[in-house]
Amino acid sequence: MGRIKPHVLLQQSKRKKGPSRISTTTIIVCASIIVMLMYFLFYRHWSNRIRLQPESYISVSEDENKLVESKKSDLPGYAVVITSKGSIIVELYKESAPEVVDEFIDLCQKGHFKGMLFHQVIKHYVIQAGHNKGPGATEDWNLLGKKYASMRHEAFMLGTSKGNYFNKGFDLFITTAPIPDLSEKLIVFGRVIKGEDIVQEIEEVDTDEHYQPKISIGILDVALKEMV
């Protein structure tokens, strides 16, 4: 048997193995499948997440609303203003003026209104109780009301002066008749439901030229009630 030359063996080996190349079409098909799978998984993940978010948001909102409603229902709904002339029962507007009612209740519990005098009384207008005994806003409001008449507050509404409230003060006003609109000056947070005769009795006291009563009439205490 003749000896095969080395270069002939090398050529035969190359012809047997041949190049192991993958066609371009196969590569494109595989890449397309991978991209489609990734897109499907990504889309499914985000669609589930978006669908769940509103439900969880609504759930949180409902829980917060229930908590707020629970706190509101826990607040006393009525106040008994005990004066030297008698008691005045007031329904508090927890829904329309919650922050002011909260502040009023807090001050009642601290005894803020004990000994407070009705230092300004304007017949057929308002009676005002406060720690400031000087000329108050009611005198200016009386002149303002005569000049500008628009919407009207009803009689026997309980409110506080916006000016004093935002300056960390708190006085009390009870209207004694339907009066020109005082919404820019007064925050209404309740109404008298019993004791209108006491309000009218205070309204009828003699006053000086500055609408200050000639006799002392004050608030002895304020009691808070859930029901009356």
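The values are calculated or read from the model by the stated rules, or taken from the named source; none is laboratory data. Quick caveat, the model's predicted, so the values are computed rather than measured. With ligands, DNA and RNA removed, areas are computed over all heavy atoms of the protein, side chains included. Shrake-Rupley method; radii C 1.70, N 1.55, O 1.52, S 1.80 Å.
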221, 102, 206, reordered so the largest accessible area comes first (probe 1.4 Å): 206, 102, 221
Could you put 175, 207 in order of accessible surface area, largest first, with the 1.4 Å probe and the full protein assembly present? 207, 175
